[in-house]
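The values are calculated or read from the model by the stated rules, or taken from the named source; none is laboratory data. Since the model is a prediction, treat every value here as computed from it, not as a measurement. Cβ sites come from the backbone with ideal geometry, for glycine too, and all protein chains shown count toward neighbours.
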Amino acid sequence: MNFTLLSPSGFWDPVLWLIFLILFGIIGYIIYSRGNPSYKQNTEQVKPYLSGNAEPSKEKIMVRAGDIYWGFIEALDEYYVVLKRMHTGDLRDYILWYLGIGAIVLFILVGGV
Amino acid sequence: MMEHLPALMIAVPLFGAFTTPLFKKRQNMAAIWALVITAATLGLSLLLLQEVLNKGIIVYVFGANKPTLVLPSGYRVPVRIIFEIDAIGAFMALSATLMSFIGALYSYSHVEMETGLEKYYALLLLLEVGILGMVLTGDLFNLFVFLEIAGIAGSALVGFRNYRGEASEAGVKYLIVSAVASLMVLFSIGLLYGQYGNLNMAYLSKQIHFDTVDMIALGLLFVSFAMKCGSVPMHYWVPDAYTEVPAGINPTLLVATYASLYALFRVSFSLFGAITWNMARVGWIMSILGVLTMFIGVTMALVQKDVKRLMSYHAISQTGYMLLGVGVGLTVLNDPAKLSAFGRAAMAGGIFHIINHIIYKSLLLMTAGALFYVTGTRNLNEMGGLARKMPYTTIAFIVGAAAISGIPPFNGFASKFLIYETSYQLNPLLAIIAMVTSVLTLASFVKVFASAFLGPPLEKYENVREVPKPMVVAMIILAILCILFGLFPNVVLNKLIYPAVDALIKLAQYQSWGGLV
């Protein structure tokens with residue numbers, strides 16, 4: 001069976017990729033197995049040291065979805081203001097967009113452009 | 001039986017839809033009955049695909065032996081309802097039946113606590129009938145009728161959880177958007193009927209001469225199907241509908257969306273395929289809508305906190321890849337050198353992406369449904385540490401997320417690889433936007449993975465367990481398909497995709513049956 005996917009100017013061989021994946025997996029495992037052997041799960045050892053303060057509850061310290069990519073979204077604030085203004089959730093706007101795009105496409109096809 | 005396969009493809013699920021309400025008092029029997037019917041239809045679609053690949057286009061006439069039957073008055077054009085099934089139609093039918101089966105399997109546990117399940121499964125089968133009719137028919141009016149069936153069944157399913165205000169609102173929105181699009185489709189069909197006195201697509205494609213009225217019909221069909229397939233900036237109904245519909249219906253609703261994309265391709269390539277001076281314009285419109293769709297979809301997904309809404313925006317974004325791939329092919333359709341150099345491969349990428357996306361997006365929406373099933377919320381801010389509690393769902397999510405982000409060796413990579421390379425040859429900017437979109441897609445799914453599955457286990461989810469077996473099995477089947485389609489892209493392309501692409505490109509083949517006048 002031929003695994004190679006030929007494209008107009010190249011090829012893609014998933015088997016070759018798998019071989020590399022396995023190879024890097026083995027290398028990764030070797031590095032992992034040479035780690036500190038004194039590490040023990042579920043002991044005092046794994047608790048965070050917070051200068052003697054009690055560990056806050058997991059709910060309080062977890063990173064929430066809303067915090068992820070905060071900087072990225074802040075940086076693109078102006079873009080998102082426009083996008084959010086477009087997404088009104090109002091059905092009448094949905095139909096207006098349809099009519100607007102319909103008018104543009106008809107203008108292009110009927111000979112306006 | 002084989003000669004009546006096209007009729008059975010409609011008759012079997014239709015029979016199932018009308019008999020399911022008989023199980024009103026034994027709702028789990030309704031689920032099993034729907035599973036049996038969808039499995040039987042899946043078997044039929046496999047047989048149909050085999051027939052089409054072996055024997056070429058199948059033309060099936062309801063109520064007559066031959067498609068060339070003429071009226072006694074000598075009116076020599078095909079009359080009666082005609083199904084014309086080529087490789088792309090059979091490919092879409094296989095996608096629809098596979099996803100209906102997977103959806104029914106997942107629904108068995110996912111909605112077992114709901115009431116009115118006999119209606120749920122009857123509507124699921126009706127939705128399947130609508131999709132199958134749309135992709136198998138050779139008649140424009142028939143296409144409209146099945147579009148309506150799919151739209152009405154789909155909107156009822158979107159609003160199925162009518163105890164939630166949001167679901168009812170989404171259902172009504174979907175219904176009205178579908179009705180407006182269908183109305184405009186009907187209006188364009190009326191224009192073409194007024195022009196040529198017939199509604200058979202093969203016949204029309206030979207007769208059409210592209211005057212102003214024809215171009216208005218093309219424009220209206222194009223925009224209506226573009227809205228139904230969720231193209232930006234007419235995509236607003238998609239997040240509403242996909243978020244509120246039960247996760248077991250998501251796969252079939254996805255295929256219903258892509259049945260409209262199929263209709264858009266069918267109109268562009270088969271009905272108006274002989275148009276020459278304008279086809280590059282239509283292709284460019286499709287490609288530009290494609291890149292807009294993918295970029296706006298993914299950037300909107302990045303800021304979502306509702307896991308299903310986030311994935312719904314990704315569904316919009318991925319539709320952009322399909323529009324781009326096929327749009328590139330359409331742009332160079334009438335340039336044989338460019339068509340063979342990269343146009344055919346671009347279309348293959350676009351069409352391959354349809355099935356790939358149906359598989360991995362269904363998988364991802366099912367994992368979102370699984371998260372909702374165990375946590376009772378779709379808000380990512382309230383989730384965390386679920387990987388240890390839901391190992392199978394986690395694995396399924398990782399496979400789906402890697403596939404949608406185009407990470408090798410999963411299926412999304414193979415189709416995106418073709419789309420990047422071929423769109424680059426038309427215009428490098430198109431390929432750059434497509435690649436940036438993939439990076440943002442990965443970023444978005446890293447966010448979902450980190451917030452829902454990683455992190456310390458939360459006390460409120462201490463007692464949650466993995467979802468029931470039917471849901472796990474449905475997700476694992478799709479995860480395996482993601483891997484297999486990624487490992488053997490060549491097999492899928494040669495057996496399924498390139499015949500579908502050729503069916504669209506070779507207009508003469510579509511027109512040539514039955515001695516048309």
Quiz item: What are the residues in the range A:74-100 that are of a type outside the set (A, V, I, L, M, F, W, C) and over 30 Å from B:A179 (Cα atoms), if any?
Solution: A:E74, A:D77, A:E78, A:Y79, A:Y80
Practice problem: Select, from B:A414, B:A396, B:A450, the only residue that is within 12 Å of chain A (Cβ to nearest Cβ), modelled with pLDDT of 90 or more and under 22 Å from B:E382 (Cα atoms). | Solution: B:A450
Self-check item: Boolean, A:I108 is over 19 Å from the mean Cα position of the chain (by Cα) and either within 8 Å of chain B (Cβ to nearest Cβ) or under 21 Å from B:I288 (Cα atoms) (or both)
Solution: yes
Practice problem: Please find, within the range B:455-490, the residue that is surrounded by the most Cβ atoms within 10 Å (Cβ to Cβ) out of those that are more than 8 Å from every other protein chain (Cβ to nearest Cβ) and in a loop (DSSP other than H, G, I, E, B). | Solution: B:V467
Practice problem: State which residue is nearest to the other protein chains (Cβ to nearest Cβ) when the search covers only the range B:162-193 and only residues that are surrounded by fewer than 18 Cβ atoms within 10 Å (Cβ to Cβ) and of a type in the set (D, E, K, R). | Solution: B:E169
Exercise. Under 8 Å between Cβ atoms, at least 6 apart or on separate chains: pull out the pairs that start in the range B:11-31 with a residue that is free of Cβ contacts under 8 Å to residues at least 12 places away in the same chain and end on any residue that is surrounded by fewer than 21 Cβ atoms within 10 Å (Cβ to Cβ).
Key: B:M29/B:F23
Quiz item: Looking at B:M347, is it under 19 Å from B:S415 (Cα atoms), in contact with a Ser or Thr (Cβ under 9 Å, 6 or more places away or on another chain), of a type in the set (A, V, I, L, M, F, W, C) and more than 11 Å from chain A (Cβ to nearest Cβ)?
Solution: yes
Exercise. Would you point out the residue of the range B:465-517, among those that are small (G, A, S) and under 22 Å from B:S100 (Cβ atoms), that is modelled with the lowest pLDDT?
Key: B:A500
Quiz item: Restricting attention to the range B:373-405, and to residues there that are over 29 Å from B:H353 (Cβ atoms) and free of Cβ contacts under 8 Å to residues at least 60 places away in the same chain, which single residue is surrounded by the most Cβ atoms within 10 Å (Cβ to Cβ)?
Solution: B:E382
Quiz item: When the range B:10-65 is examined, which residues are found to be assigned to a helix (DSSP H, G or I) and of a type in the set (G, A, S)?
Solution: B:A11, B:G16, B:A17, B:A30, B:A31, B:A34, B:A39, B:A40, B:G43, B:S45
Self-check item: Number of positions in the range B:249-291 that are away from chain A (no Cβ under 11 Å), in a loop (DSSP other than H, G, I, E, B) and touching a Leu at 6+ places or on another chain (Cβ under 8 Å)
Solution: 3
Quiz item: Of all residues in the range A:68-89, which are more than 9 Å from chain B (Cβ to nearest Cβ) and of a type outside the set (G, A, S)?
Solution: A:W70, A:E74, A:D77, A:E78, A:V81, A:V82, A:R85
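Among the candidates A:Y80, A:Y94, A:Y69, which residue alone is under 18 Å from B:A226 (Cβ atoms), in contact with a helix residue (DSSP H, G or I) (Cβ under 7 Å, 6 or more places away or on another chain) and surrounded by 12 or more Cβ atoms within 10 Å (Cβ to Cβ)?
A:Y94
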